[in-house]
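Below: the structure, in structure tokens.
The values are calculated or read from the model by the stated rules, or taken from the named source; none is laboratory data. Computed from a prediction, not measured in an experiment: that's the story for all the values here. Ideal geometry is used to build each Cβ from the backbone, glycine not excepted, and the neighbour counts take in all protein chains shown. Keep in mind that these areas ignore ligands, DNA and RNA; they rest on the heavy atoms of the full protein, side chains included. Shrake-Rupley method; radii C 1.70, N 1.55, O 1.52, S 1.80 Å.
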Amino acid sequence: MNFSEVLKQSNQLCKVSPDGKYLATCVQYRLVVRDINTLQILHLYTCLDQVMHMEWSSDSLFILCAMYKRGLVQVWSLEQPDWHCKIDEGSIGLVSSRWSPDGRHILNTTEFNLRITVWSLCTKSVSYIKYPKACQKGMDFTADGRYMALAERRECKDYISVFVCDDWHLLRHFESETQDLAGLEWSPNGCVLAVWDNCLEYKILLYSLDGRLLSSYSAYEWSLGIKSVSWSPSSQFLAVGSFDEKVRILNHITWKKITEFEHPATIVNTKAVVFKEVEKRPVVGSEDLSIHQLTMDNSLFSTQSKYEITQLPTQVPVIKPDPDRANPKIGVSAMAFSADNRYLATKNDNMPQSLWVWDMQRLGLLAVLEQTAPVRCFVWDPRRPRLALCTGNTKVYLWSPAGCVSVNVPVEGSFQVQSLFWHCSGSSLILLSKEQLCLCYMEAEEEK
């Protein structure tokens, strides 16, 4: 592994272009575009205010920068740096902005979710979509970019509209059988739309493209319900994480549950490997300490860590949630399938220091990574079964079926990894601290 120099960024705004050639970062009101290989600055754009959201168009030719406080969106072109576009939503305000899949339309959601405005960069025309619902995930596009599903709320009922993205005409409009719709997501093959209710009622609904209800699933009643939903890349599995600390796997043929994964406080499964992070602090003498205070050299105090395999049975650290507070820290809040559909990684909120990896071939627990600090972020390599995670310290951790490794980020000063994401080729990782970023280059492996 090799590491780049440290670069500046603000608000964790750092994105690799969809074609993998460029790295865009925002520093306050400036947008910087670099070559991903050399990190040389190619373009420097100045926005009208501090950027709150930044996004590449699907063809990597344009970049959208949103300034929500001002109700402004600016669009910049890589091919023609002098060309620019400014969209002002005015007094109606702006809470979110995003590209359509064709990279030529921008969808702006106004304050109080009064409407969605669709702006065309080609014709400068404007369309309006009324009654969008304010919820966790109320809009989603199919992977091929042909259709958009939108959750709507009118007359105290939930509705779903399916639009054709070519000309934004309405394909289907139907009432959803939810009390208070919390989110919707297309399957990766674009054939099925999963819709789920808010946490007060466990209900997940599966609709076809023409609005037919294919199936409805509810695991239990009268208790906090669904917390997270994730499709497998092949669309064969739908994983549903809930407040009862379980993940239920639904199959794509009957939409019935085929198994459920529990997160027990005591691991007794002999087929699972528990990797425990063990820290080793360097011994520092008083002479070194005075030198450190003068030079502020971080490497003197960098804590080394390694993984040790724990003997089973073993206890997993559990935090008891406060029952009097809203949104209790309990249940499965994050899940991710590997690109080859073989593995599923999950995080249970009342076991924040543990990451669970499940084998989807034999439908059982494969590994548990027990960290010394709560897991902040975990992401699968888009090309091979390799999982990267961070815990807000100076290290990046990697898991693969071959084992686990802990790597210290060797940069000057304190670089605490808050989040990370993979380059689309899987050849590098982009690590983000509070106000900086660093690239971690993987050594090329021979494809087996």
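Can you give the alpha-carbon Rg of the chain over 2.2 N^0.38 Å, where N counts its residues? Provide the component values of the computation, followed by the final result.
Details: Rg = 23.4 Å, N = 448, 2.2 N^0.38 = 22.4 Å.
So the chain has a normalised radius of gyration of 1.04.
Order Thr391, Thr254 by their accessible area, 1.4 angstrom probe, all chains in place, largest first. Walk me through the intermediate numbers first.
Details: Thr391 10, Thr254 75 Å².
Ranked from most to least accessible, the order is Thr254, Thr391.
Ignoring ligands, DNA and RNA, how do Val268, Val32, Val6 rank by accessible area with a 1.4 Å probe, largest first? Walk me through the numbers before you get to the answer.
Values: Val268 100, Val32 10, Val6 45 Å².
Largest to smallest exposure gives the sequence Val268, Val6, Val32.
Determine the dipole magnitude for the stretch 158-232: charges of +1 sit on the beta-carbon of Lys and Arg, -1 on that of Asp and Glu, nothing else is charged, the reference point is the Cα centre, and the result goes in debye to the nearest 20. Display every interim value, and only then the final one.
Numbers: 4 positive and 11 negative charges, 44 e Å.
The calculation lands at about 220 debye.
Within the stretch 194-240, report the trypsin sites (Lys or Arg not before Pro) that DSSP leaves as loop and that have at most 11 other Cβ atoms within 10 Å. All intermediate terms of the calculation are to be shown ahead of the outcome.
Values: sites: Lys203, Arg212, Lys227; in loops: Lys203, Arg212.
Answer by residue number: Arg212.
With label points built 7 Å along Cα→Cβ from the Cα atoms of Gln136 and Ser218, find their separation and express it in nm.
1.8 nm
Is any residue of the stretch 65-88 close enough, with backbone N under 13 Å, to a label point placed 7 angstrom from the Cα of Asn11 along the Cα-Cβ axis, and if so, which?
It comes to 65-74, nothing else.
Given a 1.4 Å probe and every protein chain left where it sits, what share in percent of the accessible area of the stretch 126-209 is carbon and sulfur?
The nonpolar share, carbon plus sulfur, comes to 48 percent.
Ranked by accessible surface with a 1.4 Å probe, highest first, in what order do His423, His169 come? Numbers along the way, then the final one.
On the way: His423 15, His169 85 Å².
Accessible-area ranking of His423, His169, largest first: His169, His423.
Anyone know which of Ser127, Ser419, Ser338 comes out most mobile in the 10 Å Cα GNM of the chain?
Ser127
Roughly how many Å² of Ile226 are accessible to a 1.4 Å probe, to the nearest 10?
Ile226 exposes around 10 Å² with every protein chain in place.
What's the magnitude of the charge dipole for the chain around its Cα centre, counting Lys and Arg as +1 and Asp and Glu as -1 at the beta-carbon? Answer in Debye, nearest 20. Could you put the intermediate results ahead of the total?
Working: 45 positive and 50 negative charges, 84 e Å.
In total the dipole reaches around 400 debye.
Which whole-Hz ³J(HN,Hα) couplings does the stretch 402-416 yield from phi under the Karplus relation 6.51 cos²θ - 1.76 cosθ + 1.60, θ = phi - 60°, glycine and proline marked x?
7, x, 10, 9, 10, 10, 7, 7, x, 10, 5, x, 9, 10, 9
Run the Debye formula on the Cα coordinates of the stretch 28-69, all scatterers equal and no solvent, and tell me log10 I(q)/I(0) at q = 0.21 1/Å.
The calculated log intensity ratios at q = 0.21 Å⁻¹ are -0.73.
Net charge near Val396: determine it from the other residues with C-beta under 13 Å of the C-beta of Val396, scoring Lys and Arg +1 and Asp and Glu -1. Kindly include the intermediate steps, with their values, before the conclusion.
Values: positive: Arg376, Arg386, Lys395; negative: Glu277, Asp381.
In short, +1.
Would you mind computing, in nm to one decimal, how far apart the modelled labels at Lys280 and Asp35 are, each placed 7 Å from Cα along Cα→Cβ?
Placing both labels 7 Å beyond Cα along the Cβ direction yields 4.1 nm.
Which loop-located trypsin sites (Lys or Arg not before Pro) does the stretch 90-141 contain, where loop means any DSSP state but H, G, I, E or B and the Cβ has at most 16 other Cβ atoms within 10 Å?
Lys124
So for the chain, taking the charge dipole from beta-carbon charges (+1 Lys/Arg, -1 Asp/Glu), which of Asn198, Val164, Leu94 sits furthest toward the positive end?
Positive-most Cα among the choices belongs to Asn198.
Filter the GluC sites (Glu not before Pro) in the stretch 75-127 down to the DSSP loop ones having no more than 14 other Cβ atoms within 10 Å, then list what survives.
Working: sites: Glu79, Glu89, Glu111; in loops: Glu79, Glu89.
For GluC sites (Glu not before Pro) across the stretch 75-127 that sit outside H, G, I, E and B with at most 14 neighbouring Cβ atoms in 10 Å, the list reads Glu79.
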